[in-house]
Amino acid sequence: MSLQRELRNHSLEHHHFQLRLSVAGSIVLFCFAVLLFRFFFLQIGKYDYFQTLAENNRISLVPTVPNRGLILDRNGVVLAHNFFVYTLEITPSKAGNVEDTINRISQMMEVSNEDRKQFKKLRAQTHNFESAPIRTHLTEEEAAKFAVNRYQFPGVEIRSRLFRSYPQNNLGSHMIGYIGRINENDIKNLDASGDLGNYKGSDHIGKGGIEQFYEPVLHGQTGFQQVEVDADGQAVRVLSSTAPIPGDNLVLSVDSKIQEIAEKAFGNRRGALVAINPKNGEVLAYVSMPTFDPNLFVDGIDAETWKSLNGSLDRPLINRPIRGIYPPGSTFKPFVAMAGLEDGKRHPPFSLSDPGFYTLSGSAHRYRDWKPDGHGQVDIQRAITVSCDTFFYGLALDLGIEKLTGFVSHFGFGKKTGIDLTGEIGGLLPTPEWKYRRWKQKWYPGETVIVGIGQGYTLVTPMQLAQATAVIANNGVAMRPHLVSAIQKNNGNGGTFNIPPMKQDEISLDPANVALVRAGMVDVTRPGGTAASVGAGAGYDIAAKTGTAQVVGIKQGAKYNAGAIDERHRDHALFIAYAPAENPTIALAVIVENGGHGGSAAGPIARKVMDYYLLGKLPADIVEASTKKPAALVEEELHD
Amino acid sequence: MISDFVANLSKRIDSFLMGCIFFACIIGLFVIYSASGQDWSRVLPQFINMMVALTLMWAVANITPHWLERMALPLFVVGLLLLLGVALFGEISHGARRWLNLGFARIQPSELMKVGMPMMLAWYFARREANLRSADYAIAALMLVVPVGLVMKQPDLGTSLIILASGFYVIYLAGLSWKILAGGAGLIAVMTPIFWSLLHDYQRKRIEILFDPSQDPLGAGYHTIQASIALGSGGFIGKGWLNGTQSQLDFLPERTTDFIFAVFGEEFGLLGNILLLALFSLIIFRGFVIASRAHNTFCRLLAGSITLTFFTYVFVNIGMVSGILPVVGVPLPFISYGGTSLVTVLLGLGILMSISTHKALIASS
């Protein structure tokens, strides 16, 4: 009985298996039928089409590189454009002995070792039947010479490729950035994002500044042609083509004239300047000094120039506005004052008598005021105007570090401003928690005291400082700062896409308090203020604050003597300002590295920028076509 | 004497399968000769690969299914450990971590899994046969997913796909309920649009290109377009052996390995394609016969899975070359250059032979 059932189960199970096998078999048959159908489609249905394509082995797919978008300033001044260059290219599969071909070419025109290396590198990255340049920037003469002897060089042809040029040379180099040869790392990134196909035939990619950040907008869509080629690899006939879509133009909010004025005003000092329209976040000038010539990078910078740029003590390759970090010094005070007022801690008629130093209870350590004898009786407005350290020492301690940094962080300190550039760093707003994480140490009250005057661990980028100034100028409304204000489409119907102003954050501030801080800042540029000379004869009100950031610590009781200190150890000069004070349309931050005092070193630069922006006044050295000083003179000035 | 010796040697060889294999190998050598640009230095190593693989097939055919069953678990465990070893200490070559250096030799454990996986699952279901519950399918699925995941991470999409298929076939043949199969298919149909909407634009673009290579003719779609030109220009009777113009020049990439079918199709045309597909169909047909005649569950499941896996190789490779499937690295059995895939395919066929020729012996004992 049980044996019988087992047998029956067995046969039942076997039957199930057979059923499943038959289903699988049907699927197999179906799939093979699909393949057969596909073969019919390809080999019978579209035979003629593919036969044409394959005819005589002569079909080649050639990418057509799109024109890269231009970069223009707000008035249409061209900052980056393209031009054609003759290149001599070898198609390895058609050239036979490539090494020999190169040697024979080198008898006709100069082929440097760099050229050979570059060719080898490119050849490894492309198909054997695609051409790679052995020489670029052929002169007319060289091109003509080769054209005459072309028959001796199968697989070698003259082509024209697009190159990038920056007609303003050094102007705004950190902001514009540059393009460079696509390297292995770029290829990896492009592959990961699925864009590698679109870069077939492209040699360059944005490597810094706007060129990098807006790469997808600027590059465009690569087109391709199916071409028939003869035995030498020369295109004979185009079979089909898909046109490339050119990249879009970028219109910056930056005014290259302001940019020029600012860069000139720096002379050969190091530093940074960022000017923003506080109402809409448009960046008007973006200066990082010293600058470099982005044209150097386009075709691969040579080792020596690279070394001299990268090794220079002046660090010209550092993008200072977003990557340079400095203690804000006294330019931090208006923001601390704002915190004190909003918290009610220092509301008028509060005032104190400044003895010239501040001490914590139970400690003998003296936190000195920059003015040894003190400022006498000061209220909050005067504290800003005369930059009274003692006042802010006490205020910071009263607020406490968490409340202080928590409040000023709304102005954008301690985080990225979100400007449209790659590589921005966020500076540092210290908190006890941060200190513990970083150093495994507890926070001391003395550290809170010095944060009140922008010293200690606090670090800001010039970009942050400019943005914070814009926020205070705009009554607490933070607009997202941006360099690009419009994108001009180059495809199809064209058209321009304006980037709308975007509100980033809004701090609710009591208008009376805003007015109070503004009054203090306006007095800074009036007689008796720390930057009285900056405001002299301006014709409009400037709300400003000076600052000095220590580079080298000064011992208790020692005196700071600028003359006795090595130039690179002198204090950084800082200056923030917005104008016209009542209805500001420009806010800016200036930092002159090792410049000494903010009012005298950084202030005049800011004044020149504002004079031009608000009054259209050109500084004396700009009116004439500017001539560059010889390098020797620059050297001398550096050491005086 | 001599005829006795030959009879003994070939006792475990399924003559029907052997005939097909013989023809397939001959075709393979001819196509390699053409695809490599008439390069004997490609043909001779491939010939040696074939000899080695055929010897291994013969050896496996002589192992009784009973022993195969006993080897299933150890083989699987060793394979799994080696895969873990690869994940931890594997050597990276061509951007993927697939190889394990044992000091005396470099091995690719994922290949072992192609045989080990169906054996293990067949063994498992054979053991649980008497009281099979749905939990068993879940356990089997787990045994399947872990190695597949490890191989996918190497990354080796093609191999992980084959292992996944070979395991799935066992689970399917073991009787996974139709409802679950239908439910799974339904779930995939429902989840696809949801999954799609969660993807980034560039991820979508990648997948779109996978299914429609003409969107990216210079990048990922390049292989497929060139292969289509080669195939299509072959026409009905083909351009003739050694006369394939697309494949003789540099236009066709990977023309001796994954894309070799394009060379075949260009030179032998639709007629050749039909004949080759017929030859593969005969092997698959014979596999089905062996599976349905097998005497126990282990043999049935294993033979069925090996046969369907063989079909998967053929379909995925030809489908990819002719542009109806996305490009995944799966070689064409017998035709693609390379020893590894030959060995795995012929090991599988050796198991089929073992099952087919040992059945009578056991049934009578």
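Throughout, read-outs are computed from the coordinates displayed, never taken from laboratory work. Computed from a prediction, not measured in an experiment: that's the story for all the values here. All Cβ positions, even for glycine, are placed from backbone atoms using ideal geometry, and neighbour counts span all protein chains on display.
Of note:
- For peptides A:402-412, A:279-289, sequence by mean Cβ density within 10 Å, most packed first: A:279-289, A:402-412
- The string of couplings for the stretch B:23-34 from the Karplus curve (6.51, -1.76, 1.60, θ = phi - 60°) is 4, 4, 5, 4, 4, x, 5, 5, 5, 4, 4, 6 Hz, one whole number per residue in order, with x for Gly and Pro.
- Remark: spin-label model distance residue A:325-residue A:440 equals 2.1 nm, labels positioned 7 Å along the Cα→Cβ axis.
- Inter-label distance for residue A:567 and residue A:533, nm, one decimal - labels placed 7 Å from Cα along Cα-to-Cβ: 2.0
- In this structure, the amide hydrogen of residue A:548, modeled 1.01 Å from its nitrogen in the peptide plane, lies closer than 5 angstrom to those of A:330, A:331, A:574, counting only residues at least 5 positions away or on a different chain.
- Here's the list of aspartates and glutamates a cross-link from residue A:442 could span, going by alpha-carbon distance under 12 Å and ignoring same-chain residues fewer than 8 apart: A:433.
- In this structure, the amide hydrogen of residue A:254, modeled 1.01 Å from its nitrogen in the peptide plane, lies closer than 5 angstrom to those of A:74, counting only residues at least 5 positions away or on a different chain.
- Oblate is the label for the stretch A:78-163, because a/c, from the alpha-carbon gyration tensor with a ≥ b ≥ c as root eigenvalues, is 1.5 or above and a/b does not exceed b/c.
- Applying 1/(1 + (r/R0)^6) with r as the Cβ-Cβ distance of residue B:4 and residue A:124 and R0 = 56 angstrom yields a FRET efficiency of 0.40.
- Of A:46/B:239; A:120/A:145; A:94/A:120; A:333/A:415, those spanning more than 22 Å from alpha-carbon to alpha-carbon: A:120/A:145
- The ranking of A:463, B:353 by Cβ neighbour count inside 10 Å, starting from the fewest, reads B:353, A:463.
- In the stretch A:303-387, the chymotrypsin sites (Phe, Trp or Tyr not before Pro) that fall in loop regions by DSSP, at most 15 other Cβ within 10 Å: A:350
- Likely footprinting exposure, B:337, A:199, A:151, fewest C-beta neighbours within 10 Å first: A:151, A:199, B:337
- Residue mean of other protein chain beta carbons inside 10 Å, B:153-164: 0
- Added length on full extension, which subtracts the Cα-Cα distance from 0.36 nm per residue, residue A:100 to residue A:475: 127.9 nm
- Selection from A:148, A:109, A:134, by position along the positive dipole direction of the stretch A:78-163 (Cβ): A:134
- For the stretch B:304-316, Karplus couplings with θ = phi - 60° (6.51, -1.76, 1.60), whole Hz, Gly/Pro x: x, 5, 4, 5, 5, 5, 4, 4, 4, 3, 4, 5, 5
- Sequence-distant residues sharing a close amide H with residue A:271 (under 5 Å, placed H): A:289, A:593
- Per-residue 3J(HN,Hα) values for the stretch A:342-359, derived from phi via the Karplus relation 6.51 cos²θ - 1.76 cosθ + 1.60 with θ = phi - 60°, read 5, 7, x, 6, 10, 5, x, x, 4, 8, 9, 9, 8, x, x, 7, 9, 10 Hz in sequence order (x marks Gly and Pro).
- Inter-label distance, nm, simple model (7 Å from Cα along the C-beta direction), residue A:512/residue A:488: 5.2
- For residues of A:18-28, the mean tally of beta carbons on other chains within 10 Å: 6
- FRET efficiency for residue A:18 and residue A:187, using Cβ-Cβ distance with R0 set to 41 Å, rounded to 0.05: 0.15
- Applying 1/(1 + (r/R0)^6) with R0 = 60 Å to the Cβ-Cβ distance of residue A:377 and residue A:75 gives a FRET efficiency near 0.75.
- Per-residue Cβ neighbour counts within 10 Å put A:87, B:340, A:496 in the sequence A:496, B:340, A:87, beginning with the fewest.
- Averaged over the residues of peptide A:186-192, the number of Cβ atoms from other protein chains lying within 10 Å of each residue's Cβ is 1.
- Across the cross-link table entries A:545/A:608; A:345/A:403; A:207/A:257; A:188/B:205; A:403/A:440, which are compared at the Cα atoms, the separations over 20 Å belong to A:207/A:257; A:403/A:440.
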